[in-house]
Amino acid sequence: MSRVSLERQVAVVTGAARGVGELLARKLSARGARVALVGLEEDALKEVSGRLHSESAHWYADVTDHEAMARVAREVKARFGKVDIVVANAGVATGGPSSTPIRRPGGG
């Protein structure tokens, strides 16, 4: 991430309660962006929001729920105005480890 100021920019970060999402939210905030945190862990989002350097708010929402995300988009726009940056960090996984061993070319 460059050292360019993000003052007056609005960033939305999904999956922002921990890990990479939290780190990116902190970095964006440190550059001056106002940050909208979105995720499923409301208490953790609130804690992250409280630790940021710039104005922030958090929303409980499942990124796979289109109605919830439409509501979040409306509320973020009402709170912060135009969104400039979106970090789609929330993970959505289906299935699990393959039960079939992976064979590499050449028999390895």
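The values are calculated or read from the model by the stated rules, or taken from the named source; none is laboratory data. Fair warning: this is a prediction, and the values are worked out from it, not measured in the lab. Side chains included, ligands, DNA and RNA excluded: accessible areas come from the protein's heavy atoms. Shrake-Rupley method; radii C 1.70, N 1.55, O 1.52, S 1.80 Å.
In this structure, the amide hydrogen of TRP59, modeled 1.01 Å from its nitrogen in the peptide plane, lies closer than 5 angstrom to those of LEU37, VAL38, GLY39, counting only residues at least 5 positions away or on a different chain. Amide H contacts of ALA33 (H built 1.01 Å from N, in plane; Pro and chain starts excluded): LEU6 sit under 5 Å, all sequence-distant by 5 or more or on other chains. In order along the stretch 66-80, the Karplus-derived 3J(HN,Hα) couplings, from 6.51 cos²θ - 1.76 cosθ + 1.60 at θ = phi - 60°, round to 4, 5, 5, 5, 5, 4, 4, 4, 4, 5, 5, 5, 5, 7, 10 Hz, and Gly and Pro are given as x.
On a per residue basis, the stretch 13-68 carries 51 Å² of accessible surface, using protein heavy atoms and a 1.4 Å probe. Put simply, the amide H of HIS53, placed in the peptide plane, has neighbours under 5 Å in ALA30, leaving out anything fewer than 5 places away on its chain.
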